[in-house]
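The values are calculated or read from the model by the stated rules, or taken from the named source; none is laboratory data. Just so you know, these numbers come straight off a predicted model, no measurement behind them. We place every Cβ from the backbone using ideal geometry, glycine too, and count neighbours over all the protein chains shown. In case anyone asks, the SASA skips ligands and DNA or RNA and just uses the protein heavy atoms, side chains included. Shrake-Rupley method; radii C 1.70, N 1.55, O 1.52, S 1.80 Å.
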Amino acid sequence: MIEKHIVLEDIDSVVLYGVNNAHLQVIKALFPKLRIVARDNVIRVLGDEEQMSVFEEDIEKIRRHVLKYNSINEEDIIDIIKGKKTKDDAAKDVVVYNISGRPIKSRSENQQKLIDAYEKDDMIFAVGPAGTGKTYLSIALAVKALKEKTAKKIILSRPAVEAGEKLGFLPGDMKDKIDPYLQPLYDALEDMLPAVKLQDMMEKHVIQIAPLAFMRGRTLSDAVVILDEAQNTTSAQIRMFLTRMGWNTKMIITGDLTQVDLPHGTVSGLREAMNILKNVEGISFINMTGKDIVRHKLVTRIVNAYDNADMQRKAEREAARQQRETTIGLFKQQQ
């Protein structure tokens, strides 16, 4: 008789054990010759060495299943232990699975271009209107890298710029003050990682979320680094951010150039960076459009309506400019 302790890493052990330990009871029933006791993320097993070896292999398969799909049911556990195929992995276009087991993958041509660019280049600029999945898909790629251990950490950042309104004094400590600006990033992470695991990763700084101002002086290595809402960076800020890049690091910069909240007259650092870096090797540029919007169908209509209004205002300004030039020309002729 031997005893072993198996530590469940990278997953929420509650998902594996099931509600009221229902999954664990199934596992125990399939290994009647072993004494199995689970506490927190450690499984203590006592029994025959040969049975123990089989048990370790099957638990590792179950752990990998939970890591990949963020869920498991009793049927999956039985299939794994009996050596049957569980889910159809033919869909190789899946980036990761959310906490409900729903596949997250590209839903448009430009979203697929973003995924392909991530595989090819170390820095990607993804720009486009609201709802095109820029941030969500970028975070999915980062979570995948963390699960596959191709990156050691995820670093998410945003400039702390108010969207057209002054919020005034915010109570609380530094985290309380900056969290409202970073909430969209938390939302995406909470959809892809179990709450307990996400909290643990953030406490261990495996996942870091910080305002752009906190990036100065750092060298970001072995990481996937995402700068969201980059249209609200100044020229100096985005230059500082881009030069934080260290070894074995991927950077994704996302933004919407139609929603710049900088003070009037301030040039968007995102727009300037894209112009300066457009011919630099190793950098990809993905331009998303209204066709890539994956939110409610009204979002597409709203974006299109505003685009049409912008085009109309531009045409009116151009017509007014031409009228002024014509008027000035006629005035000079009369002189």
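Figures for the structure shown
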| item | result |
| --- | --- |
| Theoretical FRET efficiency, 1/(1+(r/R0)^6), r = Cβ-Cβ of residue 78 and residue 221, R0 45 Å, to 0.05 | 0.55 |
| When the convex hull of its Cα atoms is projected in every direction, mean area for segment 194-335 (nm²) | 13.8 |
| Computed over segment 19-144: relative contact order in percent, which uses C-alpha pairs under 8 Å that are six or more apart | 16 |
| Cross-link pairs 4/61; 152/291; 33/149; 105/250; 4/144 - those with Cα-Cα distance over 27 Å | 152/291; 33/149; 4/144 |
| Whole-number percent relative contact order across the chain, with pairs defined as alpha carbons under 8 Å at least 6 apart | 18 |
| Per residue value of the accessible surface for segment 6-137 (all protein chains in place, 1.4 Å probe), Å² | 52 |
| Loop trypsin sites (Lys or Arg not before Pro), segment 1-98 (other Cβ atoms within 10 Å of the site Cβ: 16 or fewer; DSSP) | 33, 82, 84, 85, 87, 92 |
| Along the chain, longest interval not containing exposed chymotrypsin sites (Phe, Trp or Tyr not before Pro), exposed being DSSP loop plus at most 16 other Cβ atoms within 10 Å | 1-168 |
| Net charge of Cβ neighbours under 9 Å - reference residue 250; Lys, Arg +1; Asp, Glu -1 | -2 |
| Prolate/oblate/rounded call for segment 238-290, Cα gyration tensor, a/c under 1.5 rounded | prolate |
| Packing rank of 194-200, 108-114, 313-319, where each peptide gets the mean count of other beta carbons within 10 Å, highest leading | 108-114, 194-200, 313-319 |
| Carbon plus sulfur fraction of accessible area for the chain, probe 1.4 Å, in percent | 52 |
| Förster radius 35 Å - calculated FRET efficiency between residue 71 and residue 276, Cβ distance, rounded to 0.05 | 0.20 |
| Full-extension gain in nm, residue 304 to residue 100, via 0.36 nm per residue minus C-alpha separation | 70.2 nm |
| Cβ-defined net charge surrounding residue 118, 14 Å radius [Lys, Arg +1; Asp, Glu -1] | 0 |
| Full-extension gain in nm, residue 1 to residue 190, via 0.36 nm per residue minus C-alpha separation | 63.8 nm |
| Extended-chain gain in nm, criterion 0.36 nm per residue less alpha-carbon gap, residue 57 and residue 183 | 41.4 nm |
| Scattering curve values for segment 2-125, log₁₀ I(q)/I(0), Debye with Cα scatterers, q = 0.11, 0.18, 0.20 Å⁻¹ | -0.47, -0.94, -1.09 |
| Using a Förster distance of 30 Å, the FRET efficiency for residue 285-residue 149 (Cβ separation, nearest 0.05) | 0.60 |
| Label zone at residue 10, where the point sits 7 Å out along the Cα-to-Cβ direction: segment 192-227 residues whose backbone N lies under 16 Å | 193-194, 197-198, 201, 206-207, 223-224 |
